[in-house]
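Working notes for the structure below.
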Amino acid sequence: ADVAYLRSVLPSTTEDAFFDYLATLDASEVTVSAVPEGSVVFARVPFLQVKGPLLVVQLLESTLLCLVSYASLVATNAARFRLLAGPDVKLMEMGLRRAQGPDGALSASRYSYIGGFDCTSNILAGKLYGIPVRGTVAHSFIMSFTSLEEVQPRELPPLEGGEPVDLPTLAESWLQRVFPHDFQGLLDTYCVRRSGLPNFCAVALALDQLGYRAIGVRLDSGDLAKQSKEIRQAFRACGAHFQVPWFETIPIAVSNDISEQSLEEFRREGNEIDMIGVGTHLVTCPLQPSLGCVYKLVEVNGSPCLKLTEDEEKMTIPGTKTIYRLYDAAGHPFMDLMALEEEPSPSAGQELVVRVLGQLGETSKVVPTTVELLHRVYFRNGQVCEPLPSLPEVRNHAQVSLSLLSPAHRRLHDPQPYPVAMTEKLHHLLTKLREASQ
C-alpha cells in the first residue's frame, strides 16, 4: 500500500525498478547504537548512530528526529525546573490544555517525568505509562455551588466506624471557632484570606474530628510566595490552638503560569510551598521552542565523508565514531571524547592528547580517572539486543546523570562550557578531508 501511494504522487516517468526496489527494503539490516535513554548529552556529541543501507537510513531520518527532538527538549526543560526547585519540592506537570495536541500532551507528561517531575494531571498518561497522577478541584466546580444546601450527600461516617455525621453542619460549627464570621468558597476561587482559608480550616478540622486528614491546598493567583507564608502561619496557629499537630504540615501547592523566573523569585523571597504545578512553560518550552537535532551522513561504503561549511559549528565530523565520557577524581564528567571506531579505547590514568571543539588549532592533555563508553547497541539484525529500561528506571538514570555533573556545568545561568573533544587521529582525518575539499 505504501509503494502504491508513492506511485500515485511521484512523476509518471519514475521507473518501475525504483518501486520494485522499495518493496525489498528491510529494516533488519540496520544497526542502531545510542546513549542510554535519560543520559545527559552535550552539544556536538552524536547520541544516536545508525548503520545500514543508504536508502533505509535516509528514510529513518525524519522519524528518528521527530521521536527524539521534542522528547529531549521537554526532558531538558523539566530538568531545569527540577534543578531550580531543588530536591524537596514536588513538581506536577499540568500542561494538557496548553500542549500541541493529545500526542504532544502525552509526550510532555512522559518526558517531563523523566526530567524530574513527580506526577502529572494527565490521567491518560498515568494509565498508559504508570506516572503518578495528582489533581485538584476545579474553580468551576466550586463556583457551581451557591449554598451548603446543595451539597449532597451530606453525611460522612467516622474513619474508625460509628454513626454518619452531617459534614457541612460540623464544618460550619468549626468555622465559628476558626473565624468569627461566616464565609464560603475554597482558597482563591473567591478570596484566599476572607473565604478560602477559613473555610478550608473549618472543613479540615471537621474531617480531623471524624478521623480523616486533609491532603492539601492549592493557590492559583496572586503573590504565591507571600500567600504560602501567610497560609502556613495560619495552619500553625490552628494546629497549636486546637491541638492538631499535623495541621501545620498540610502541603501547599501553587500554580498559575509558573516559569523558571517564578521559581527563582520563590527562592529569593522565601516561601512555604510544597508542590508546584507547571503547565504552559513546561510543555511549550518557550525559552527554546525547538531542539536543533541533526542527522548527518558521516561514512559511505567505508569511506568517511564531510559536510564542509564556513560555519565550524555546522561542519560535520567525519567517520564512524566511538564516544567516551571522561571523569575526574571527584566523579564528575569533565569531557566527552570522540574517537574513530578502530581506535583503541582510552584507559583510566592514561594521558590523552586531544583537540577540543572550538579550539582545534591547539592540543590539550588530559588524564581521566574513569572512562565510560557512552553508546550501546540497541537494535541489530531486526532484533532489539539491549533490554529496554522501564520509565522509572529511565527517570532514575536521568536524575543520577544530572547529579554527577559538576556544579559549574550544572548551573543554569552562565554555566561553564562543557568541553567536547576529538582524538588526534580523528582530527587528522578531519583536516585531510577539509584540505581535499578546498
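The values are calculated or read from the model by the stated rules, or taken from the named source; none is laboratory data. Keep in mind that what you see is a predicted model, and the values were worked out from it rather than measured. Positions of Cβ are generated from backbone atoms using ideal geometry, with glycine treated the same way; all protein chains shown enter the neighbour counts. Accessible surface areas use protein heavy atoms only, side chains included; no ligands, DNA or RNA. Shrake-Rupley method; radii C 1.70, N 1.55, O 1.52, S 1.80 Å.
Worth pointing out:
- Shape descriptor for the range 184-261: Rg over Rh equals 0.98 (Cα atoms; Rh from the Kirkwood inverse mean 1/r).
- Packing rank of 303-309, 276-282, where each peptide gets the mean count of other beta carbons within 10 Å, highest leading: 276-282, 303-309
- Helix 224-241 vs. the chain, principal-axis angle (Cα, 0 to 90°, nearest 10): 40 degrees
- ³J(HN,Hα), Karplus 6.51/-1.76/1.60, whole Hz, each residue of the range 348-365, x for Gly, Pro: 4, x, 8, 6, 10, 9, 9, 10, 7, 4, x, 9, 5, x, 9, 9, 10, 10
- Förster radius 35 Å - calculated FRET efficiency between E351 and E265, Cβ distance, rounded to 0.05: 0.15
- Förster-model FRET efficiency, 51 Å R0, L360 and F242, C-beta, rounded to 0.05: 0.15
- Sparse packing (at most 12 other Cβ atoms within 10 Å of the Cβ) combined with a DSSP loop state is found for the following GluC sites (Glu not before Pro) in the range 337-438: E341, E342, E351, E362.
- Per residue, the convex hull spanned by the Cα atoms of the range 303-357 amounts to 94 cubic angstrom.
- Spatial separation of Cα centroids for the range 77-146 and the range 340-398, in angstrom: 33 Å
- Ordering 121-130, 55-64 by mean Cβ neighbour count within 10 Å, with the highest value first, yields 121-130, 55-64.
- About its Cα centre, the dipole of the chain is roughly 560 debye, where the only charges are +1 on Lys and Arg Cβ and -1 on Asp and Glu Cβ.
- Additional length obtainable on full extension of the chain from C385 to C66, 0.36 nm per residue less Cα span: 112.6 nm
- From the coordinates shown, volume of the Cα convex hull per residue in Å³ corresponds to which of [x] 218; [y] 177; [z] 153: [x]
- For the pair A138 and T31, the difference between a 0.36 nm per residue extended length and the Cα-Cα distance amounts to 33.6 nm.
- Neighbour cut-off at most 13 other Cβ (10 Å), DSSP loop, GluC sites (Glu not before Pro), the range 97-182: E160
- For the pair C293 and D2, label points projected 7 Å from Cα toward Cβ lie 1.9 nm apart.
- Taking the chain as a Gaussian network of alpha-carbon nodes connected by springs under 10 Å, the highest mean-square fluctuation of the residues D88, D336, D16 belongs to D16.
- Angle between the chain longest axis and helix 167-178 axis [Cα atoms, degrees, rounded to 10]: 80 degrees
- With a simple spin-label model that places each label point 7 Å from the Cα along the Cα-to-Cβ direction, the separation between A330 and A436 comes to 4.3 nm.
- Förster-model FRET efficiency, 51 Å R0, E372 and S12, C-beta, rounded to 0.05: 0.40
- Residues with amide H under 5 Å from that of G358, placed H, sequence gap 5 or more: none
- Relative contact order for the chain, counting Cα pairs under 8 Å that sit 6 or more residues apart, in percent: 19 percent
- For the range 76-284, alpha-carbon Rg and Dmax in angstrom: 18.3, 53
- When DSSP beta bridges are restricted to pairs lying wholly in the chain, around 65% turn out antiparallel.
- For the pair R194 and T146, label points projected 7 Å from Cα toward Cβ lie 2.1 nm apart.
- Segment E272-I123, extension gain: residue separation times 0.36 nm, minus the distance between their alpha carbons: 50.9 nm
- Sequence of R194, R7 when ordered by accessible area, the most exposed leading, probe 1.4 angstrom: R194, R7
- Accessible area of the chain divided out per residue, in Å², using a probe of 1.4 angstrom: 55 Å²
- Degrees, to the nearest 10: 424-437 long Cα axis against longest axis of the chain: 70 degrees
- Largest mean-square fluctuation among A85, A17, A171, in a Gaussian network model of the chain whose springs join Cα atoms under 10 Å apart, belongs to A17.
- Each helix, a run of at least 4 DSSP H residues, gives -39500 (n - 2.57); summed and divided by the residues of the chain, these come to -11500 deg cm²/dmol at 222 nm.
- Highest-fluctuation residue, N301, N256, N396 considered, GNM on the chain with Cα pairs under 10 Å: N301
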